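One structure is given below, encoded as structure tokens.
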Amino acid sequence: MARPLTPLGSLGEKVAESFGQDGGARQLAMAQAERLFLTNTRHGAASNRGKQRTWALSLAAAACLLALVGFVALRSPARLAFTVDGSAGQAQTWLAAPAARPMQVKFSDGTQLVVDPLSRARVVDTDAHGASIALENGSLSANVVHTSHSAWQLIAGPFAVRVTGTRFDLRWDSASQRFSITVQEGSVGVAGSIVGAERAVRAGETLVASVAESRFDLINGAERLALRAGEAAKLPPPVDGPAFGDPALAPSASGQVAPEPSAAEAPGKDAAGGWRELAKQGDLRQAFAVADAHGFQSVCDSATPAELLLLGDAARISGRADRATEALLALRRRYPRDPRRAAAAFALGKVAFDQRHAYAQAAEWFSTCVREQPSGPLVREAWGRQIEALRNSGDGAGAQRTAREYLARYPDGPHADIARSVLK
Amino acid sequence: MVPSRAAQKAEGVVLPLGFAGDDSALVEALRANHPGAKAALFQRHVGWVERIITHVIGFDAELADILQEVFTRALASIHSLKDPSALEPWLGRVATHTARKVLRSRTRRAWLRRFVDSAEEERFEPSASAFAPEARQALRAVYRVLDVLPADERIAFALRFVDGMELTEVAAACDVSLATIKRRLVRSEKRFVTVAARYPELKPWLEGGARWRDR
């Protein structure tokens, strides 16, 4: 401030100070003014004087503008327009669907989005070929018109969905950090967060991911049904989590065999028995904490194969790759003829890949999974993950061999794009 | 403005998102009718504009309406802003022009105030109860004196002495030359001192010895 050092300057300073101490009324006035301003200018309201000037300018420049607009129109196609529940929509607007009904968003190319009740989304931007949509929370259904130039993107939390012309349902829960996309028609590519590089999700498939648990599943229709049955029977969740493995304990090297579990060895009451109940309730972190507190090794020594898979999962989610490894290797060591050994191998491969970045080891574990159960439920995923692991480990030749095998078996599989990229 | 939960449950809600960018980008966004730009214009610059209005006009019950008018005028004439990076001083000019309009309008209606003194009292009512009555009276007296000055002299005086602007800033805000603002200030100072002599509550201040007594 540059008030003169005079009595009037001193008076002015005192006046300003007094205003500065009356923040309440002025703040209220500013808030009220903001509401008035934004409400009155929502539809482009302007002062009468401004409108008159604008009208005069428009008349004077109309001929030139028409020529310019026509030239621009020919050179650059118009952005897609859209409506929200029948009213003209604008990019950079926040959409919140009411509780009683969904919100309909219709684009000028025929693409339609249905934002489910109480869900929130944004149309971030549009161009001539598509739009960028952000799903902030909740779910939406999309029916995207496919053309050779279609370019749509949806963002849900840390995940990006590239769409080229599809029907799908998208869900993102910001509180639990859970993501899912179910494709009914066509395909999408999902990238970001724990999914990593773009993965294809095709018609009939669902990709579910949990950021908090650092896990994701790519499920086809048959497997989704199997999971529902398993959930109903309180079976342990599918093992897709990481666990770290020692290739020396692969079946070819195994020499230590533990007897199969019998009723006498079925888990009974013991000091750490509470972890089982916690795990069945879905509280895997607490389950691991209880098991670890009571001697993890002894817990593993008395666990069944299913329980060892669960312990491996619980340890992984808790950030303990070492304990996850211990549980999964215990399964493979104690139950050499149990079919879940292959699942343990797959899980060991995932933790080597995702958490340890030990790609060569990961490739070996995925290969073990395929070898031990060539027609098992995880074999397609194991083939695909093996391609990635070999590529990342620098074994280009191995990656290409595996890619050819994969494409021969699963030409439309979720890793088909990765396989083709390796072969280029 | 965030809708109430009840409102959101009943109807869908469409709200503009916030705008991020400097003033030059903000001006371009306003010209492009970016839905978040209007709110950004207001939120970024209302403090500066409100200070000008309040310092020139004083405490006023119509402050919200005056502020709304400033920003509405600014939005309507945004295309006339030649240098988008000079948005803030340009808004200052819009604010002073609006203040001048309000003052002249009130001057024309001055005869009504003889019959509605109570309304004027309410218009000027410092809500700061932290001040002693003497200080509140002195503040009121300042603006009674300023009411006597012609609008252009009053604006120059308020911007220089109350807001503390440099002479060049006052000239820019009033959209006149430095020489013109100096002449206005000379006249306003003489008038202010002459009229203020009629208000005993201002005497201590003009003698430089007054102190605000806070509760």
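I'm checking my understanding of the structure. Among residues of region A:362-376 that are in a helix (DSSP H, G or I) and not charged (D, E, K, R), which one is nearest to A:ASP395 (Cα to Cα)?
Residue satisfying both the conditions and the ranking: A:ALA363.
Please enumerate the residues belonging to region B:67-83 that are of a type in the set (Ser, Thr, Tyr) and either assigned to a helix (DSSP H, G or I) or crowded, with 19+ Cβ neighbours inside 10 Å (or both). Hits for region B:67-83 are B:THR72, B:SER80.
Selection of strands (runs of 3 or more DSSP E) fully inside region A:50-145 by the criterion of at least 2 residues being at pLDDT 85 or above and touching a Phe, Trp or Tyr at 6+ places or on another chain (Cβ under 8 Å) returns A:103-107, A:120-126, A:131-143. Among residues belonging to region A:136-156 that are of a type outside the set (Ser, Thr, Tyr) and in contact with a Gly (Cβ under 8 Å, 6 or more places away or on another chain), point out the one that is farthest from the other protein chains (Cβ to nearest Cβ). Looking at the filtered set, the residue picked out is A:HIS146. The numbered conditions (1) open to solvent by less than 60 Å² (accessible area, probe 1.4 Å); (2) at pLDDT 85 or above are all true for A:GLY394 except (1).
Within region B:150-175, being part of a loop (DSSP other than H, G, I, E, B) and away from every other protein chain (no Cβ under 13 Å) holds for B:PRO150, B:ASP175. When every residue of region B:17-35 is checked against the conditions, at least one turns out to be open to solvent by less than 30 Å² (accessible area, probe 1.4 Å), within 12 Å of chain A (Cβ to nearest Cβ), closer than 27 Å to A:ALA96 by Cβ and modelled with pLDDT of 85 or more.
Might you check whether a residue that is assigned to a helix (DSSP H, G or I), farther than 25 Å from B:GLY164 by Cβ and open to solvent by 30 Å² or more (accessible area, probe 1.4 Å) occurs anywhere in region B:37-59? Before the answer, list the steps.
Start the filter on region B:37-59 by keeping residues that are assigned to a helix (DSSP H, G or I), which leaves B:37-57.
Next, only the ones that are farther than 25 Å from B:GLY164 by Cβ stay: B:37-40.
Applying the additional criterion that residues be open to solvent by 30 Å² or more (accessible area, probe 1.4 Å) yields none.
No - not one qualifying residue is present in region B:37-59.
Taken together, B:ALA64, B:ALA95, B:ALA86 contain a single residue that is out of contact with any strand residue (DSSP E or B) (no Cβ under 9 Å at 6 or more places or on another chain), open to solvent by 20 Å² or more (accessible area, probe 1.4 Å) and either part of a helix (DSSP H, G or I) or modelled with pLDDT under 90 (or both), which is B:ALA86.
Out of region A:265-283, which residues are modelled with pLDDT under 80 and either acidic (Asp, Glu) or under 22 Å from A:GLY319 (Cα atoms) (or both)?
If we filter region A:265-283 for residues that are modelled with pLDDT under 80, which is where we start, we get A:265-273, A:279-283.
Matches in region A:265-283: A:GLU265, A:ASP270, A:ALA272, A:GLY273, A:ALA279, A:LYS280, A:GLN281, A:GLY282, A:ASP283.
For residues that are under 20 Å from A:VAL208 (Cα atoms), buried (at least 22 other Cβ atoms within 10 Å of the Cβ) and within 14 Å of another protein chain (Cβ to nearest Cβ), tally how many sit in region A:120-135. Summing the residues that are under 20 Å from A:VAL208 (Cα atoms), buried (at least 22 other Cβ atoms within 10 Å of the Cβ) and within 14 Å of another protein chain (Cβ to nearest Cβ) in region A:120-135 gives 2. Among the numbered conditions (1) touching a helix residue (DSSP H, G or I) at 6+ places or on another chain (Cβ under 8 Å); (2) modelled with pLDDT of 90 or more; (3) among the charged types (D, E, K, R), the only one that B:ARG113 does not meet is (2). Among the criteria (1) crowded, with 17+ Cβ neighbours inside 10 Å; (2) more than 24 Å from the chain's Cα centre (by Cα); (3) among the hydroxyl-bearing types (Ser, Thr, Tyr); (4) under 26 Å from A:GLY312 (Cα atoms), the one A:TYR359 does not fulfil is (2).
The values are calculated or read from the model by the stated rules, or taken from the named source; none is laboratory data. Keep in mind the model is a prediction, meaning the values are calculated, not measured. So basically every Cβ, Gly included, is an ideal-geometry build from the backbone, and we count neighbours across all protein chains shown. These area figures cover heavy atoms from the full protein model, side chains too; ligands, DNA and RNA do not enter into them. Shrake-Rupley method; radii C 1.70, N 1.55, O 1.52, S 1.80 Å.
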